[in-house]
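Colleague: Handing you this structure, nothing more for now.
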Amino acid sequence: MGFFDKLKQGLTKTKTSFDEKMNNVFSNFRKVDEELLEELEEALIMSDVGVETSTRIIANLRDRVKKEKIENEEDVKSALREEIKKILDEVDNSLKLETTPSIILVVGVNGVGKTTSIGKIANRLKKDGKKVVIAAADTFRAAAVEQLEIWANRAECQIVKREEGSDPASVVYDAIQITKQQNADVLICDTAGRLHNKKYLMDELVKIKKVIDRELPEASKEVLMVLDATTGQNAILQVKAFKETVDINGLILTKLDGTAKGGVVIGIVAENKMPVKFVGVGEQIDDMEIFNSEDFVKALI
């Protein structure tokens, strides 16, 4: 199954919910007027796109309706798709792994699917012919290392670990040395699931970043935050809080198949000016896809 089919399947709940709202708007379609645009705006807000972003999409759509003299239902839908895609394309979602080695630092609160995301991304990179090392630097949570080890074994990647309670930055240091020795292409570092108000955990993250910058100053670095799509608008708040401490440059959206709130993707990108780089659309090791805005919008509307 290709990305579009997986995404379409994964977005079934969102699409059903979104379509229902859209169909309700268009079921009484008579003409393209202010009433229709207001109803569309409401449908977007109800689909977790967010107030600010929904208002902006409809304002752009309103301008196009006037300029292009849009009069029929299909043309309205087509213009709406294009306006949503424009927002998603304002940020570059390509993965920057240009050096050997490159580093992916994975952050996020507990329970969002960090461990499974790391396993799936490692598996994906390995299939692309890259040699991957995984650093188990979440040394705070009981069983975090064991869970990561299971995923590393599934992806057939080497894992670097220490006992529970070890200094996370020292695990990352060890992993960097092993990555260099083995001439591996990518080092993926797990980190403790931290809430933005846990200062000592945020400090650990700063320490890890310092070790990476000192040991691999020239390396390509991706700092990716994992978000659970089922949390809807709360995910937007998490990004804002984390950005104050960590220089995040991309997002991994998980559990997109388990939610009717997939519209939140649009709000997250628009409000944070930050790209979604991967989406998880299932439980299997292959169910992690590089985000594609065109496919996403087509699967949605």
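The values are calculated or read from the model by the stated rules, or taken from the named source; none is laboratory data. Source: prediction; values computed, not measured. Neighbour counts are summed over all protein chains in view; Cβ atoms, including those assigned to glycine, are modelled from backbone coordinates with ideal geometry.
Colleague: What is the one condition in (1) part of a loop (DSSP other than H, G, I, E, B); (2) at pLDDT 90 or above; (3) among the hydrophobic types (A, V, I, L, M, F, W, C) that L195 does not satisfy?
Modeller: (2)
Colleague: How many of the residues in region 16-55 are at positive phi and either of a type in the set (G, A, S) or free of Cβ contacts under 8 Å to residues at least 24 places away in the same chain (or both)?
Modeller: 1
Colleague: Taking region 90-115, which residues are hydroxyl-bearing (S, T, Y) and either part of a loop (DSSP other than H, G, I, E, B) or touching a helix residue (DSSP H, G or I) at 6+ places or on another chain (Cβ under 7 Å) (or both)? Outline the logic, then answer.
Modeller: Quick first cut of region 90-115, residues hydroxyl-bearing (S, T, Y) only: 94, 99-100, 102, 115.
Within region 90-115, S94, T99, T100, T115 qualify.
Colleague: Considering region 26-60 alone, what residues qualify as being more than 24 Å from I236 (Cα to Cα) and touching an Asp or Glu at 6+ places or on another chain (Cβ under 8 Å)?
Modeller: If the condition is that a residue be more than 24 Å from I236 (Cα to Cα) and touching an Asp or Glu at 6+ places or on another chain (Cβ under 8 Å), then F26, F29, K31, V32 are the ones that fit.
Colleague: Among the listed residues K126, K96, K85, K77, which satisfies the condition of being modelled with pLDDT under 95, in contact with a Cys (Cβ under 9 Å, 6 or more places away or on another chain) and either surrounded by fewer than 19 Cβ atoms within 10 Å (Cβ to Cβ) or on the phi > 0 side of the Ramachandran plot (or both)?
Modeller: Going through K126, K96, K85, K77 in turn, just one is modelled with pLDDT under 95, in contact with a Cys (Cβ under 9 Å, 6 or more places away or on another chain) and either surrounded by fewer than 19 Cβ atoms within 10 Å (Cβ to Cβ) or on the phi > 0 side of the Ramachandran plot (or both): K126.
Colleague: Could you count how many residues in region 212-230 are free of Cβ contacts under 8 Å to residues at least 24 places away in the same chain and in a helix (DSSP H, G or I)? First the steps, then the outcome.
Modeller: In the first step, residues of region 212-230 are kept if they are free of Cβ contacts under 8 Å to residues at least 24 places away in the same chain; the result is 213-214, 217.
Checking the rest, the ones that are also in a helix (DSSP H, G or I) come to 213-214.
Counting residues in region 212-230 that are free of Cβ contacts under 8 Å to residues at least 24 places away in the same chain and in a helix (DSSP H, G or I) gives 2.
Colleague: Of all residues in region 26-70 being modelled with pLDDT under 90, β-branched (V, I, T) and crowded, with 20+ Cβ neighbours inside 10 Å, which is farthest from the chain's Cα centre (by Cα)?
Modeller: Among those that are modelled with pLDDT under 90, β-branched (V, I, T) and crowded, with 20+ Cβ neighbours inside 10 Å, it is V32.
Colleague: Could you say which residue among I58, I87, I118 is touching a Phe, Trp or Tyr at 6+ places or on another chain (Cβ under 8 Å), in a helix (DSSP H, G or I) and β-branched (V, I, T)?
Modeller: I118
Colleague: Assuming I176 fulfils every condition listed in (1) surrounded by fewer than 22 Cβ atoms within 10 Å (Cβ to Cβ); (2) farther than 20 Å from M225 by Cα; (3) in contact (Cβ under 8 Å) with a residue 12 or more places away in the chain; (4) not charged (D, E, K, R) apart from one, which condition is it?
Modeller: (1)
Colleague: Can you find a residue in region 236-243 that is outside any helix (DSSP H, G or I) and surrounded by fewer than 16 Cβ atoms within 10 Å (Cβ to Cβ)?
Modeller: No: zero hits.
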